[in-house]
Amino acid sequence: MSIPKNHHYISQAHIKNFFNTEKNEIHLFDKIQNRHFKKNTTKSIFSEKNLNTKRLEDSTYDYSTIEEELNQNFEKDFPSCVEIVKKFIETKNLNDETQEALLYLAGYGLIAELRTPFRKKHTDDTLKNGMKIIMEMGTDELKAGYKRFFGFDDEVKYSNSLNYIEFANNVIKAMGDLILSIEVPQNENDYFILPDFGAATVRERINNHFNPDAKEIAYIGLPLTSKLYLHFCSSKLKILPKPPGINYVTSEQVYMLNKANYEYAQRTIACENIEYLKSLVEKLIHH
């Protein structure tokens with residue numbers, strides 16, 4: 001049995017929440033090519049070959065460890081957590097099960113952009129440039145290790161050195177209590193889009209550090225489905241960007257959220273509804 005090498009940087013469980021199950025299609029827009037297109041499956045959307053492949057010490061390749069860790073900790077329970085959130089909107093009962101589901105989704109949102117090819121490349125480039133001068137003066141053994149670590153090819157494209165589980169746990173701990181805001185479109189003809197970075201994070205100074213300019217993640221914005229948008233804010237923020245609770249938002253408010261996600265997206269956005277997507281893009285381009 002062959003090991004899958006096509007790795008998703010946005011979970012298929014997440015993408016499926018923006019998939020039109022009636023028409024069996026999902027609609028996308030490429031900002032770079034100014035092109036609308038559709039797919040009848042989620043398998044080739046927001047993915048890249050060998051995205052999560054690592055090179056081992058013996059120069060063999062590890063195609064599955066990161067994939068398995070992501071699945072076990074951030075993806076496997078994603079669909080059930082979405083259903084729990086939907087139930088919470090109906091019942092308004094914030095019980096332990098709901099709080100656990102929301103914490104799970106917050107963790108998913110925290111690591112979302114870090115999984116993308118453009119963020120991985122940026123991280124590796126920053127690390128490589130920072131170590132370059134030190135490596136030039138290092139021992140032959142150190143130089144060999146540096147060359148091996150950054151020796152990218154078609155099989156290993158990124159260092160993939162980040163521990164996603166540890167990162168998410170540390171950030172949530174630093175954020176403290178999370179304040180939740182859920183937005184639901186008032187108009188049934190409005191839809192949230194899914195941008196190619198998965199979820200947004202914003203940094204603010206929420207903890208005291210020796211460095212007064214140090215900022216930590218204080219906000220997570222997660223387009224959960226075509227009809228649900230989650231906002232998680234640190235309780236340490238002095239001013240909350242969104243009012244807490246369940247908010248039924250206007251078409252203009254949906255547009256402004258989609259506009260922000262479109263502008264921050266590197267290249268591609270996805271939507272369940274082709275008519276809404278075309279109307280949104282037309283408005284964005286001409287305004």
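The values are calculated or read from the model by the stated rules, or taken from the named source; none is laboratory data. These figures come from a predicted structure and were not determined experimentally. Quick reminder, even Gly has a Cβ in these numbers, built from the backbone with ideal geometry, and neighbours come from all protein chains shown. These area figures cover heavy atoms from the full protein model, side chains too; ligands, DNA and RNA do not enter into them. Shrake-Rupley method; radii C 1.70, N 1.55, O 1.52, S 1.80 Å.
Structure summary
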item	result
Matching entry among T139, T98 (being over 13 Å from the mean Cα position of the chain (by Cα), modelled with pLDDT under 95 and polar (S, T, N, Q))	T139
Qualifying residue in segment 46-65 (condition: β-branched (V, I, T) and more than 19 Å from Y158 (Cβ to Cβ))	no
Identity of the residue in segment 241-256, open to solvent by 30 Å² or more (accessible area, probe 1.4 Å) and more than 30 Å from N208 (Cα to Cα), that ends up nearest to the chain's Cα centre (by Cα)	M256
Top-ranked residue of segment 67-83 - restricted to ones that are open to solvent by 10 Å² or more (accessible area, probe 1.4 Å) and more than 19 Å from T98 (Cβ to Cβ), ranked as nearest to the chain's Cα centre (by Cα)	E75
Segment 96-118 residues that are under 25 Å from A265 (Cα atoms) and touching a residue at least 40 places away in the same chain (Cβ under 8 Å), paired with ones that are acidic (D, E) and open to solvent by less than 10 Å² (accessible area, probe 1.4 Å) (beta carbon under 9 Å, 6 or more apart)	T116/D196; F118/D196
Residue among K259, K238 that is outside any strand (DSSP E or B), open to solvent by 30 Å² or more (accessible area, probe 1.4 Å), modelled with pLDDT of 95 or more and not aliphatic (A, V, I, L, M)	K259
Number of positions in segment 1-45 that are open to solvent by 20 Å² or more (accessible area, probe 1.4 Å), part of a helix (DSSP H, G or I) and touching an Asp or Glu at 6+ places or on another chain (Cβ under 9 Å)	3
Residue within segment 175-194 that is at pLDDT below 95 and aromatic (F, W, Y) present	no
Enumeration of residues in segment 264-287 that are within 17 Å of Y229 (Cα to Cα), open to solvent by 20 Å² or more (accessible area, probe 1.4 Å) and of a type outside the set (F, W, Y)	E272, N273
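Quick grid of which residues meet (1) open to solvent by less than 60 Å² (accessible area, probe 1.4 Å); (2) assigned to a loop (DSSP other than H, G, I, E, B):
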{"position": "V85", "(1), (2)": "yes, no"}
{"position": "F88", "(1), (2)": "yes, no"}
{"position": "L94", "(1), (2)": "no, yes"}
{"position": "E97", "(1), (2)": "no, no"}
{"position": "D124", "(1), (2)": "yes, no"}
{"position": "K128", "(1), (2)": "no, no"}
